[in-house]
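A short write-up of the structure that comes next.
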Amino acid sequence: MSGIALSFGFDDGPVRRHLARLALLDSRGFEGVRREIGEYFVAEVQDNIDGQKLADGAPMPQSKAAIARRGKTLLDKGHLRDSYVYQLVPGGIEIGSALVYAAIHHFGGETGRKAHRFNMTARPVLGVHERQERELGDFLIAEITKAQGGAA
């Protein structure tokens with residue numbers, strides 16, 4: 001190699017210590033940061049519904065029902081908003097709602113009773129876009145920094 005170079009192997013003290021800390025962090029499955037991320041996304045969904053915006057930040061299209069009752073879309077009694085939860089799964093996090101009607105509100109599509117079918121507009125309030133990706137990165141960098149003994 002010409003010019004200047006710094007060489008070290010993975011058997012060297014500082015590299016080995018950092019890898020050992022990261023291995024310890026990984027052995028716990030990043031549980032703490034996964035919980036933080038889960039709580040962040042549940043709060044994001046609730047804020048989106050309360051603020052009448054979609055996951056990408058766009059304004060939420062108003063539903064006919066909300067217009068008729070002079071209220072907010074997806075927020076009549078708050079059951080859908082309050083149904084979003086997260087759970088840790090091996091190697092990750094699941095975030096969502098167990099309510100059957102959450103999917104039709106998220107993806108849109110044909111719905112309604114047999115005699116009264118209609119197309120519901122998609123209103124995805126859960127998603128990962130540029131801002132959420134940055135937040136995820138910040139959570140992970142802070143966790144790795146903390147594991148390496150630095151200030152987060």
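Bear in mind that the values in this text are calculations on the coordinates, not laboratory data. These numbers were taken from a predicted model, which means no experiment stands behind them. A quick note on method: Cβ atoms are made from the backbone with ideal geometry, for glycine too, and the neighbour counts reach across all protein chains shown.
Over all other residues within a Cβ to Cβ distance under 15 Å of PHE107, the charged ones net out to -1, with Lys and Arg as +1 and Asp and Glu as -1. Per-residue 3J(HN,Hα) values for region 88-97, derived from phi via the Karplus relation 6.51 cos²θ - 1.76 cosθ + 1.60 with θ = phi - 60°, read 7, 10, x, x, x, 9, 10, 10, x, 10 Hz in sequence order (x marks Gly and Pro). Under the convention that each Lys and Arg Cβ holds +1 and each Asp and Glu Cβ holds -1, the size of the dipole of region 97-152 around its Cα centre is about 460 debye. Classify region 86-132: rounded, prolate or oblate, from the alpha-carbon gyration tensor (a ≥ b ≥ c, eigenvalue square roots; a/c under 1.5 rounded; otherwise prolate if a/b is larger than b/c)? In terms of gyration-tensor shape, oblate.
Straight Cα distances below 22 angstrom link LYS114 to the lysines LYS64, with same-chain residues fewer than 8 positions distant left out.
Lys and Arg at +1, Asp and Glu at -1: add these up for the other residues within a Cβ distance under 14 Å of ARG70 and post the number.
+2
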